[in-house]
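Input: a single structure, listed below in structure tokens.
The values are calculated or read from the model by the stated rules, or taken from the named source; none is laboratory data. What you are looking at is a predicted structure, and each value in this text was computed from that prediction instead of being measured. A quick note on method: Cβ atoms are made from the backbone with ideal geometry, for glycine too, and the neighbour counts reach across all protein chains shown.
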Amino acid sequence: MNNLPLLQIKNLSKSYKANQPVFSNINFDVNAHEIVCLLGASGCGKSSLLKALAGLHGINEGEILFKGKPLTKPDASISVVFQDPCLLPWLNVQQNAAFALTLHSETKISQADVKAKTDTALQWVGLQHAANVYPEQLSGGMAQRVALARALVKSPDILLMDEPFSALDAITRFNMQQLLLKLIAHRRHAVLLVTHDIDEALMLGDRIMLMGDGHIVREWQITLPQPRAKHLHELIETRMAILEELSEVAGEHLLPSGVIT
Ligand SMILES: Nc1ncnc2c1ncn2[C@@H]1O[C@H](COP(=O)(O)OP(=O)(O)OP(=O)(O)O)[C@@H](O)[C@H]1O
Ligand SMILES: [Mg+2]
């Protein structure tokens, strides 16, 4: 088990309609503790792939192995965070964060245990003081931190994140990225993060994969150590290479004709 990748994706294909694959022949691994970022043009199939890996969508061909075993339904050790925090408005922060623990009745867990685990998760995201607050009173950043606490409360082995910070302003987004790095350093879970933001991918990723038209077309290993915030300029060449390739798969050009140079 030791050297086995946490998640293995083998020849994965999915179609919503016959003969119209949204992605096909996808192959990659995610190792324990690794942060993998997935970039790609809008509509190329990133969210569909992430939902398949969360066990939320069926697949047509191929196989997903989680810790070496076929994954066919949602697993308690795989948590998902979406762009929309999706909090339940009638539950307060504590209850929203505890939601995943109370959902699966097959594992009986005491009220005291639920509270202890939820308190810890809220502490990780810096929201212990807001436990009794209701979602309508939260800022966008706070709401996304509750979603993060809800995802972490079961101590997952991997977080699947679909543009989790894209609705946030630049400062809140930066703070959330730093919080995520801190949590990963401490909790040591793996992350597969879908993003449109190349700088976010460069700031966070150990590896960046580029998806185009339903395929993984290229990947980059990022070896610059953390913290990277003040050293991102060292990745300028990689940034340009990603931008060029992304423009190509999106069918656009970096400098449209007519631009004065
Ligand atoms: N449940 C569904 N049923 C049918 N078609 C779907 C469904 N979900 C997504 N699609 C289609 O699959 C394609 C890929 O969608 P997907 O949401 O995976 O793209 P994406 O790469 O995440 O895009 P974005 O970057 O805009 O979020 C699109 O053409 C979309 O309309
Ligand atoms: Mg998407």
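Apart from one condition, Val30 fits all of (1) closer than 25 Å to Asn3 by Cβ; (2) in contact (Cβ under 8 Å) with a residue 40 or more places away in the chain; (3) within 16 Å of ligand 1 (Cβ to nearest atom); the exception is (3). Screening region 131-171 for residues that are among the acidic types (Asp, Glu) and in contact with a strand residue (DSSP E or B) (Cβ under 7 Å, 6 or more places away or on another chain) and picking the one that is surrounded by the fewest Cβ atoms within 10 Å (Cβ to Cβ) gives Glu163.
Of the residues making up region 116-140, those that are of a type in the set (Asp, Glu) and within 19 Å of Ala167 (Cβ to Cβ) number 1. Filtered by the rule that a residue be away from ligand 2 (no atom under 15 Å from the Cβ) and modelled with pLDDT under 95, region 192-216 gives a lone residue, His215.
Checking the stated criteria, Lys67 turns out to be of a type in the set (Lys, Arg) and more than 14 Å from Met211 (Cβ to Cβ).
With the structure loaded, tell me whether Ser110 is within 16 Å of ligand 2 (Cβ to nearest atom), without any contact (Cβ under 8 Å) to a residue 40 or more places away in the chain and hydroxyl-bearing (Ser, Thr, Tyr) or whether it fails that test. Judged against the criteria, Ser110 is not a match. Looking for something within 18 Å of the chain's Cα centre (by Cα) and free of Cβ contacts under 8 Å to residues at least 60 places away in the same chain - is there at least one such residue anywhere in region 124-137? Looking for residues that are within 18 Å of the chain's Cα centre (by Cα) and free of Cβ contacts under 8 Å to residues at least 60 places away in the same chain, one finds at least one in region 124-137, hence yes.
The residue that is farthest from ligand 1 (Cβ to nearest atom), counting only those in region 37-51 that are among the hydrophobic types (A, V, I, L, M, F, W, C) and in a strand (DSSP E or B), is Cys37. Ala54 falls short on exactly one of the conditions (1) surrounded by fewer than 22 Cβ atoms within 10 Å (Cβ to Cβ); (2) within 17 Å of Met161 (Cβ to Cβ); (3) more than 9 Å from ligand 1 (Cβ to nearest atom); (4) more than 12 Å from the chain's Cα centre (by Cα), and that condition is (4). Within region 43-76, count every residue that is away from ligand 2 (no atom under 16 Å from the Cβ), at negative phi and touching a strand residue (DSSP E or B) at 6+ places or on another chain (Cβ under 7 Å). Matching residues across region 43-76 total 10.
Which residues, counting only those in region 60-76, are in a strand (DSSP E or B) and either among the aromatic types (Phe, Trp, Tyr) or surrounded by 15 or more Cβ atoms within 10 Å (Cβ to Cβ) (or both)? Even if it seems obvious, please write down each step before you answer.
Our first condition is that a residue be in a strand (DSSP E or B); within region 60-76, this holds for 61-66, 69-70.
Correct list: Gly62, Ile64, Leu65, Phe66.
Scan Ala32, Ala98 and give me the residue that is more than 15 Å from ligand 2 (Cβ to nearest atom), of a type in the set (A, V, I, L, M, F, W, C) and closer than 15 Å to Ile158 by Cα. Result: Ala32 is the single residue among Ala32, Ala98 that is more than 15 Å from ligand 2 (Cβ to nearest atom), of a type in the set (A, V, I, L, M, F, W, C) and closer than 15 Å to Ile158 by Cα. Can you name the residue in region 113-145 that is among the aliphatic types (A, V, I, L, M) and under 18 Å from Ser77 (Cα atoms) and is also farthest from ligand 2 (Cβ to nearest atom) among such residues? Result: Val114. Whenever a residue of region 38-60 is under 20 Å from Leu71 (Cα atoms) and among the polar types (S, T, N, Q), its partners that are within 13 Å of ligand 2 (Cβ to nearest atom) and assigned to a loop (DSSP other than H, G, I, E, B), lying with C-beta atoms within less than 8 angstrom and at least six residues away or across chains, give the pairs Ser48/His57.
Conditions tested, residue by residue: (1) hydrophobic (A, V, I, L, M, F, W, C); (2) outside any strand (DSSP E or B); (3) more than 16 Å from ligand 1 (Cβ to nearest atom).
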site: Ile171; (1), (2), (3): yes, yes, yes
site: Met176; (1), (2), (3): yes, yes, yes
site: His186; (1), (2), (3): no, yes, yes
site: Leu202; (1), (2), (3): yes, yes, yes
site: Met209; (1), (2), (3): yes, no, no
site: His231; (1), (2), (3): no, yes, yes
site: Glu234; (1), (2), (3): no, yes, yes
site: Glu237; (1), (2), (3): no, yes, yes
site: Gly251; (1), (2), (3): no, yes, no
